[in-house]
1. Find me the longest stretch of the chain that has none of the exposed trypsin sites (Lys or Arg not before Pro), where exposed means in a DSSP loop (not H, G, I, E or B) with at most 14 other Cβ atoms within 10 Å.
2. Working from Cα positions, state the angle (0 to 90°, nearest 10) between the long axis of helix 14-39 and the longest principal axis of the chain.
3. Relative contact order for the chain: what is it in percent, counting Cα pairs under 8 Å that are at least 6 residues apart?
4. Stretched out fully, how many nm does the piece from ARG63 to ASP10 gain, at 0.36 nm a residue minus the Cα gap?
5. Using the crude model of +1 on Lys and Arg Cβ and -1 on Asp and Glu Cβ, and no other charge, please compute the dipole size for the chain relative to its Cα centre, in debye to 20.
6. Only helical DSSP H runs with n ≥ 4 go in: add -39500 (n - 2.57) per run for the chain, normalise by residue count and round the 222 nm mean residue ellipticity to 500 deg cm²/dmol.
7. Obtain the nm distance between the two label points defined at GLN131 and LEU20 by a simple spin-label model: each point lies 7 Å from its Cα along the Cα-to-C-beta direction.
8. Among (i) 58, 34, 24; (ii) 112, 34, 20; (iii) 118, 100, 38, which is the computed Cα extents along the principal axes in Å?
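All of the numbers you see were taken from the coordinates with simple rules; none came from a lab. Since the structure is predicted, the reported quantities are computational estimates derived from the model, not experimental observations. Using ideal geometry, Cβ is built from the backbone for each residue, glycine included, and neighbour counts are taken over all protein chains shown.
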Amino acid sequence: MTRVSRAKLDELSKEDLILLVERLFDEVECLRVDIDKLKQPPPTSGNSSQPPSRDFKSNRPERRTPKPRGAKEGHEKMERKLVDNPDQMIMGVVERCPCGADLRQVAPLAVVRRQITELPKFKPVVIETRQQEVSTISFDPAAE
């Protein structure tokens with residue numbers, strides 16, 4: 001319903017004004033019913049017979065506090081010991097400085113050792129069993 005100016009309301013008869021007021025009361029009543037419906041919480045599994053699978057789920061992921069990674073505070077450090085004779089050794093030699101200088105004749109300050117332990121590929125063992133089947137139907141005990 002659109003707003004009516006005061007000048008137009010002055011032009012209306014008493015009967016038209018009464019009809020307009022009745023319509024406005026009806027509209028106010030409808031709006032109050034709508035407001036009451038909106039004030040009620042939406043039906044969920046907690047306040048109705050609706051199953052939990054029908055409950056409203058938000059689109060944002062659940063916030064979980066991340067677990068601290070690594071060993072606990074005060075835990076003794078555990079490392080795998082370096083092997084004296086590795087199966088393969090790759091030497092990383094520095095030949096040039098980023099500025100372009102030749103470093104092949106310069107003695108290294110230190111050699112840092114790191115080792116990776118690779119598990120060998122395994123071949124599965126296939127075991128086949130064979131069992132004989134016999135029948136006693138053709139067996140004649142008198143023949144023995």
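1. With trypsin sites (Lys or Arg not before Pro) excluded where exposed in loops, the chain gives 4-56 as its longest stretch.
2. 20 degrees
3. 7 percent
4. That pair, ARG63 and ASP10, stretches by 12.9 nm at full extension.
5. 1060 debye
6. Helix contribution divided over all residues of the chain: -7500 deg cm²/dmol.
7. Computed distance between label sites GLN131 and LEU20 equals 10.1 nm.
8. Among (i) 58, 34, 24; (ii) 112, 34, 20; (iii) 118, 100, 38, the one derived from this structure is (iii).
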